[in-house]
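What follows draws every value from the coordinates through simple rules; no lab data is involved. Predicted model only: the values in this text are computed from it and were never measured. Note that each Cβ is placed from the backbone with ideal geometry, even for glycine, and that neighbours are counted across all protein chains shown.
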């Protein structure tokens, strides 16, 4: 259970870093923001990549697959908190299934390594 909590925490931090980094590019390219947005954007994306390697999962592909569930949930929180657009019930239902899938992947990976 501790591994699941640790890995989930790492994935949550990685999601914030990835979404913030991609949002900086969004501001630059889609909202005509300054090219200076790339500085924090690139820093966040480097942090995201470094954090993802810290997850206690034995294979990169499995880490990325499990991370996807957290990324979807975090993206919807970003949609709501930063962009001011409330997620729909369909958004939330889909995210719940993805987070459940993430927990199954990580728990199964942990069980195999013991």
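Of the Cα atoms belonging to segment 1-50, the radius of gyration and Dmax stand at 13.3, 45 Å.
Using Cα pairs closer than 8 Å and at least 6 residues apart in sequence, work out the relative contact order for the chain, in percent. Taking the mean separation of contacting Cα pairs over the length of the chain, I get 31 percent. Give the residues of segment 9-29 whose amide nitrogen is closer than 18 Å to a point set 7 Å from the Cα of residue 82 in the direction of its Cβ. Correct set: 10-29.
Taking 0.36 nm per residue of separation and subtracting the Cα-Cα distance, full extension of the segment from residue 60 to residue 22 would add 11.6 nm. Full extension of the chain between residue 39 and residue 53 gives 2.8 nm of extra length, using 0.36 nm per residue less the Cα-Cα distance. Considering only 16, 46, 99, the Gaussian network model of the chain with Cα springs below 10 Å gives its largest mean-square fluctuation to 46. Each helix, a run of at least 4 DSSP H residues, gives -39500 (n - 2.57); summed and divided by the residues of the chain, these come to -28000 deg cm²/dmol at 222 nm. Considering only Cα atoms, the convex hull volume of the chain works out to 97 Å³ per residue. Peptides 33-44, 77-88 ranked from most to least packed by the mean count of surrounding Cβ atoms within 10 Å: 33-44, 77-88.
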